Amino acid sequence: MLTDLSIPAEQTEEALETFAGILQNMDLKRVLAVLLLLAACMVVMRVLLRLLDRTFQRLEVEKSLYTFARAALRVVLWLITLCVVLGYMGIEMTSLIAVLSVLGLALSLAIQGTLANLAGGIQLLVSKPFKAEDYIDAGAVSGTVVEVGLVYTRLRTVDNKIISIPNGTVSGQTITNYNTQPQRRVDLQFYASYSDPPAKVSACIRAVAEAHPKALKEPEPFVRLSGYKDSSIEYTLRLWCKTADYWELYFDLLEQIGAAFGREGIEMTYQHLNVHVLEEKQS
């Protein structure tokens, strides 16, 4: 379906006449007056933004919502300033609408992607799948949320890089938030030789897990034989911890259980192939 994007000739002529009238009536005195009015409007804008900042600080508004609201207010204030200045210059609202309608069509086509990202930002703030300082996966990108802006969401990666992702892209992705819940479960797999008794291996893993100070007692750790592989037996460990302690517990258990296997004489076997050569007996 094609859309008629043509602009009426009368509207174009009215816009051109409006601009011509502005240029003809401008003199030095009028220019200075317009500049002073613009400066006064900018001072008022700054005051209003500072009042907004103080209000949000007192209310302890979530950071991403604060950033978005502040950016939106700036846009609204600039539009009001434009109307005030143009009104002082003698431009009637009907003429102003005519001018904006001529420019608005081309502008809307040029910023379709930006408008989609703006809509995505509004969707993120309404649905609240994450907030500032949450660690998330959004498609192929992972990081800590720095802020949700009008157009972009900024993430800080673990190696301290800042990634700016269009909000339209983020809102269309499957988002995994690792900080929503106060507790997380650590899942680990360990592999031991077929020659080691499963009861001994399970008891060794459980002892290390229960002794770690950051592992929660409830729910109690789960340790079971979970698979017979080609060269080893697989054991699964599942235990819970506070979300902030997840990675410390994860890496500690990898190191400590490996060391415990060594002390107990449990072989952490690797992928291998045993070849048995049979000699044929001669009759």
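The values are calculated or read from the model by the stated rules, or taken from the named source; none is laboratory data. What you see is a predicted model; the values in this text were computed from it and never measured. When we count neighbours, we look across all protein chains shown, and the Cβ atoms used for this are built from the backbone with ideal geometry, even at glycine.
Starting from the range 242-258, keep only residues that are surrounded by 12 or more Cβ atoms within 10 Å (Cβ to Cβ), then list their pairs with residues that are of a type in the set (D, E, K, R) whose Cβ atoms are within a distance under 8 Å, requiring at least 6 positions of separation or different chains.
Every condition considered, the pairs that remain are K242/R184; K242/K214; T243/R184; D245/K214; Y246/R184; E248/K214; L249/K214; D252/K214.
Taking the condition acidic (D, E), out of contact with any strand residue (DSSP E or B) (no Cβ under 8 Å at 6 or more places or on another chain) and either within 27 Å of L273 (Cβ to Cβ) or assigned to a strand (DSSP E or B) (or both), does D230 pass?
Working: acidic (D, E): yes; out of contact with any strand residue (DSSP E or B) (no Cβ under 8 Å at 6 or more places or on another chain): yes; either within 27 Å of L273 (Cβ to Cβ) or assigned to a strand (DSSP E or B) (or both): yes.
Yes.
Can you give me the number of residues within the range 129-149 that are surrounded by fewer than 18 Cβ atoms within 10 Å (Cβ to Cβ) and among the hydrophobic types (A, V, I, L, M, F, W, C)?
3
Name the residue, out of V186, V223, that is in a strand (DSSP E or B), at pLDDT 90 or above and either hydroxyl-bearing (S, T, Y) or within 28 Å of G139 (Cβ to Cβ) (or both). Before the answer, list the steps.
On the way: V223 fails: either hydroxyl-bearing (S, T, Y) or within 28 Å of G139 (Cβ to Cβ) (or both).
Testing whether each residue is in a strand (DSSP E or B), at pLDDT 90 or above and either hydroxyl-bearing (S, T, Y) or within 28 Å of G139 (Cβ to Cβ) (or both) leaves just V186.
Is there a residue being surrounded by fewer than 17 Cβ atoms within 10 Å (Cβ to Cβ), among the hydrophobic types (A, V, I, L, M, F, W, C) and either touching a helix residue (DSSP H, G or I) at 6+ places or on another chain (Cβ under 9 Å) or in a helix (DSSP H, G or I) (or both) anywhere in the range 154-163?
no
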